[in-house]
Amino acid sequence: MLKTLSRRLSSSAAKPQQLAQRLISSFELPEQTGAPLSVAKLAIEKTTTPKEKLAPEKLVFGHTFTDHMLQVPWSASEGWLEPKIVPYQNLSLDPATCVFHYAFECFEGMKAYRDNHGKIRMFRPDKNMERMKKTAARICLPTFDSDELTKLIAKLVELDSEWIPSNRGYSLYLRPTMIGTQASLGVNPPSSALLYVIMSPVGPYYPTGFKAVRLEATDYAIRAWPGGVGDKKLGANYAPGILPQRMAASRGFQQNLWLFGEEGYVTEVGTMNAFFVFKNGDKKELVTAPIDGTILEGVTRDSILALARERFDPAEWDISERKFTMKEVADRAKAGTLLEAFGSGTAAVVSPIKEINWHGEAVNVPLQEGKESGVVAETMANWIAEIQYGEKEHPWSYVIE
Ligand code: COI
């Protein structure tokens, strides 16, 4: 089927970028074979040596882990084996395991919150499950039933619920991960895999807290390209971003604003999606890059767009998913029609931007008087938090207990 499509596309008049994009979106989730993932088979082994918990203000993002983890092995011949919740522990893997050599690894980032009534809530887990399946399928790892994995994660969260900090701004970061575990150096689809979930109590993502950041517009290194895998949550997409981030940091900028192509299209910021607010005559425009295969399908991105479309007055606002360039941003800053910019992601939720350095030119992004954020970033942070912490009932909240 892929061959026919490829032939059909290459004989059409579409541009190479469009061809690649159409080809990539033609990947379908493969049929699941063997035993399905099933919460009914869950076995739980509780720890006998619970760890001491840190005071929330001492938490550093992703450094502390709860008492338990979920593990589900998979094999091509049998399908999903018995899921187990076990004490948090090291994995023991043969040095030839394919994850170490060919990067058969994908992950998700999601969060669980404790509300004022003591209930535990996850935020839009269905979105993470769908994205994880698409990512896993792209690197020949197995897919699974989304509801079953969500229920397994809910069991793990429930067991370690004492680890969820209750203060606003704090949560339990959940890290579903899947790795290929076949121990062989042949470059093949893994015949075995391990799905596991670990959890980390977290506070603000940046040590500086909710503070506007300075960015370096980066075009010498490219995060993602048409036909590539930049829209997938593969660990392999993250390591190559660290050196450019270090280089930006050495010049005093916290993150990279990733540009693409000769046009300098704005794509993402650090590990987050990027939003800008422009003024067009009497109207304002909230704009972010379109999902064209080079942009991660962020859950927070989707939530911001949905909330803006639902709650912003359409007589005053246009909500756009469109391509825009760094030149447009710089020109608008000069003309006074750049109103705001921020990043969005699960870890930081929103991260306001105050300056972008573009080839040595400082492009200043306005903030609210006396504040570290623009008004849209602040509004979105509050609206999303109200749902996450159950202050407003919303279908995006998945209540565990
Ligand atoms: C996020 O913003 O949610 C991320 O993807 C960051 C994560 C890799 C720590």
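Only helical runs count toward this figure. For the chain, summing -39,500 (n - 2.57) over DSSP H runs of n ≥ 4 and dividing by all residues gives -7500 deg cm²/dmol at 222 nm. Dipole orientation for the range 213-388: of the candidates 343, 256, 245, 245 has the Cα lying most toward the positive pole (charges on Cβ; Lys, Arg +1; Asp, Glu -1).
Highest mean packing comes first when the peptides 261-273, 217-229 are listed by Cβ atoms within 10 Å, giving 261-273, 217-229.
In debye to the nearest 20, how big a dipole does the range 278-339 give about its Cα centre with +1 on each Lys and Arg Cβ and -1 on each Asp and Glu Cβ? Each step should come with its number before you reach the end.
Details: 11 positive and 12 negative charges, 54 e Å.
The dipole of the range 278-339 has a size of about 260 debye.
Among the protein heavy atoms of the chain, carbon and sulfur supply 52% of the accessible surface, probe 1.4 Å, non-protein parts ignored.
Within the shell of other residues whose beta carbon sits under 12 angstrom from the beta carbon of residue 383, the net charge comes to -2, with Lys and Arg scored +1 and Asp and Glu -1. For the listed peptides 164-171, 39-46, 175-182, a ranking on the average number of other beta carbons within 10 Å per residue, highest first, reads 175-182, 164-171, 39-46.
When the pairs 84/111; 127/371; 211/284; 58/371; 133/283 are compared against a 27 Å limit on Cα-Cα distance, 127/371; 133/283 fall above it. Ordering 203, 356, 165 by the projection of their Cα atoms onto the charge dipole of the chain, which places +1 on the Cβ of Lys and Arg and -1 on the Cβ of Asp and Glu, puts 356 at the extreme positive end.
Note: relative contact order over the range 32-202, using C-alpha pairs below 8 Å and six or more positions apart, is 33 percent.
Per-peptide packing, taken as the mean over residues of other Cβ atoms within 10 Å, places 342-352, 152-162 in the sequence 342-352, 152-162 from highest down.
Over all projection directions, the Cα-based convex hull of the range 213-388 averages an area of 10.1 nm². Could you state the number of Å between the C-alpha centres of the range 256-335 and the range 178-252? Each part's Cα centre sits 21 Å from the other's. Classify the chain: rounded, prolate or oblate, from the alpha-carbon gyration tensor (a ≥ b ≥ c, eigenvalue square roots; a/c under 1.5 rounded; otherwise prolate if a/b is larger than b/c)? Note, shape of the chain comes out oblate.
The values are calculated or read from the model by the stated rules, or taken from the named source; none is laboratory data. The shown structure was predicted, so the numbers you read here are calculated from the model rather than taken from an experiment. Note that we place each Cβ from the backbone using ideal geometry, even for glycine, and neighbour counts take in every protein chain shown. These area figures cover heavy atoms from the full protein model, side chains too; ligands, DNA and RNA do not enter into them. Shrake-Rupley method; radii C 1.70, N 1.55, O 1.52, S 1.80 Å.
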